[in-house]
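Undergrad: Right, I'll just put the structure down here and ask away after.
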Amino acid sequence: MPAQPPKNCPWCARSLPSVARHAPGGTVCDVCGVTITTPWPSETQLDAAYAGFYRPASGRFSGPGDALLRRSRTRLARRLDALAPPGPVLDVGSGDGTLLDALHAVGRETLGLERHSERPDTRAVDIDEAGGPWAAIVMWHALEHLRAPGAALDTAARELLPRGILAVAVPNASSLQARAFGERWLALDLPRHLTHIPARALRARLAATGLRIERESHWRGGQVLFGWVHGLVASLPGRPDLYDAIRRPQARRRPLSAGKRMRILAIGTLLAPIAAFASVLEVALRRGGSIYIEARRA
Ligand SMILES: [Zn+2]
């Protein structure tokens, strides 16, 4: 059974009307423009949604996927190390710890926060119990998983050292791909994503915390090209699932025969040039499938 829906917007905290406008994934807060997942899942439903396939111990992706992931986290760690003042780094939503390892490799002390803590350098607590201050805080595709993302941003801003850096990536609910694919958009990821945040809501909320935005990228947050290929493939009859096809068998939502998997991968390859064109377009229009922002405390 779903949980009681929130009375106040999880993003901007204003009270929500009893009858709200519907958008893909849920209902819209008319004040900040964030869509709130409806029905609002209970903890039991979320536990079930995170169990098993989402992140098995053997890794998520087949082929070079996990290696690519490691390389991109290494780049992020080096960038943060260059930008942030000396001091420890907090990774909110640290997942399997790939970024923690990369930060450790550049000599940073780290702490990761994760729903289920499985490493000595992670804790299963909310950000307001994580201590601080931090030289940098990373919220890499994390805010959309939290029940109170607006309050978490406030805490992050407060717990930064002077000149500290907050790095945030979220799926962009106002991207061209979100509009194009609607309820089929890969990054809706229901029910794990509890809010669907348009770029302007992220900018406005960060500005309200007093941080200064130093960089905004519509590409660096990832999932731009893949979001398009996935959406185009899922628009075909039978709604083939490319995300499952690139994952290891134990990391799939549904079992997939080898023949069907090859067909889906072939279709994805055929549609890749169209997806590449759409990706370039949405990045150029600053309406990318995900938005990445670096903001600094004064
Ligand atoms: Zn709101």
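The values are calculated or read from the model by the stated rules, or taken from the named source; none is laboratory data. This one's a predicted model, so the numbers in the text were calculated from it and none came from an experiment. Here Cβ is always computed from backbone atoms with ideal geometry, including for glycine, and neighbour counts include all displayed protein chains.
Quick grid of which residues meet (1) at pLDDT below 95; (2) part of a helix (DSSP H, G or I); (3) not β-branched (Val, Ile, Thr):
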{"residue": "Gly95", "(1), (2), (3)": "yes, no, yes"}
{"residue": "Leu100", "(1), (2), (3)": "no, yes, yes"}
{"residue": "Leu111", "(1), (2), (3)": "no, no, yes"}
{"residue": "Pro120", "(1), (2), (3)": "yes, no, yes"}
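Undergrad: Taking the condition of being farther than 18 Å from Arg179 by Cβ and within 12 Å of the ligand (Cβ to nearest atom), how many residues in the range 8-28 meet it?
TA: 11
Undergrad: Residues that are part of a helix (DSSP H, G or I) and of a type in the set (Ser, Thr, Tyr): does the range 285-292 have at least one?
TA: Filtering the range 285-292 down to residues part of a helix (DSSP H, G or I) leaves none.
Scanning the range 285-292 turns up no residue that is part of a helix (DSSP H, G or I) and of a type in the set (Ser, Thr, Tyr).
Undergrad: Go through the range 14-28 and give me each residue that's within 21 Å of the chain's Cα centre (by Cα) and in a loop (DSSP other than H, G, I, E, B).
TA: Pro24, Gly25
Undergrad: I need every pair where a residue in the range 29-41 that is under 14 Å from Lys7 (Cβ atoms) has its Cβ under 6 Å from the Cβ of a residue that is within 10 Å of the ligand (Cβ to nearest atom) and of a type in the set (A, V, I, L, M, F, W, C), sequence separation at least 6 or different chains.
TA: Final answer for the pair search is Cys29/Cys9; Val31/Cys12.
Undergrad: Another one. Is the range 199-217 home to any residue that is aliphatic (A, V, I, L, M), under 20 Å from the mean Cα position of the chain (by Cα) and over 26 Å from Ala167 (Cα atoms)?
TA: The answer is no; no qualifying residue exists.
Undergrad: Residues Leu80, Leu113, Leu100: which one is under 19 Å from the mean Cα position of the chain (by Cα), more than 30 Å from Gln45 (Cβ to Cβ) and aliphatic (A, V, I, L, M)? Don't jump to the end; show me each part of the working.
TA: Details: Leu113 fails: more than 30 Å from Gln45 (Cβ to Cβ); Leu100 fails: more than 30 Å from Gln45 (Cβ to Cβ).
Exactly one residue qualifies, and that residue is Leu80.
Undergrad: Pick out the one residue from Arg254, Arg261, Arg297 that is basic (Lys, Arg) and under 28 Å from Leu76 (Cβ atoms).
TA: That would be Arg297, the only listed residue that is basic (Lys, Arg) and under 28 Å from Leu76 (Cβ atoms).
Undergrad: Can you confirm whether the range 124-136 contains a residue that is surrounded by fewer than 21 Cβ atoms within 10 Å (Cβ to Cβ) and closer than 19 Å to Glu294 by Cβ?
TA: Yes, some residue in the range 124-136 is surrounded by fewer than 21 Cβ atoms within 10 Å (Cβ to Cβ) and closer than 19 Å to Glu294 by Cβ.
Undergrad: Looking at (1) out of contact with any Lys or Arg (no Cβ under 9 Å at 6 or more places or on another chain); (2) surrounded by fewer than 21 Cβ atoms within 10 Å (Cβ to Cβ), which one does Glu282 not meet, given that it meets all the others?
TA: All conditions are met except number (2).
Undergrad: How many of the residues making up the range 70-92 are in contact with a Ser or Thr (Cβ under 7 Å, 6 or more places away or on another chain) and surrounded by fewer than 24 Cβ atoms within 10 Å (Cβ to Cβ)?
TA: Of the residues in the range 70-92, 3 are in contact with a Ser or Thr (Cβ under 7 Å, 6 or more places away or on another chain) and surrounded by fewer than 24 Cβ atoms within 10 Å (Cβ to Cβ).
Undergrad: Residue by residue through the range 29-53, note down the ones that are surrounded by 12 or more Cβ atoms within 10 Å (Cβ to Cβ), more than 11 Å from the ligand (Cβ to nearest atom) and part of a loop (DSSP other than H, G, I, E, B).
TA: Once the filter is applied, which keeps residues that are surrounded by 12 or more Cβ atoms within 10 Å (Cβ to Cβ), more than 11 Å from the ligand (Cβ to nearest atom) and part of a loop (DSSP other than H, G, I, E, B), the range 29-53 yields Thr38, Pro39, Trp40, Pro41, Ser42.
Undergrad: Let me ask you something else. Test of understanding: among Ala167, Ala187, Ala178, which residue is over 25 Å from Asp244 (Cβ atoms), crowded, with 19+ Cβ neighbours inside 10 Å and in contact (Cβ under 8 Å) with a residue 60 or more places away in the chain?
TA: That would be Ala167, the only listed residue that is over 25 Å from Asp244 (Cβ atoms), crowded, with 19+ Cβ neighbours inside 10 Å and in contact (Cβ under 8 Å) with a residue 60 or more places away in the chain.
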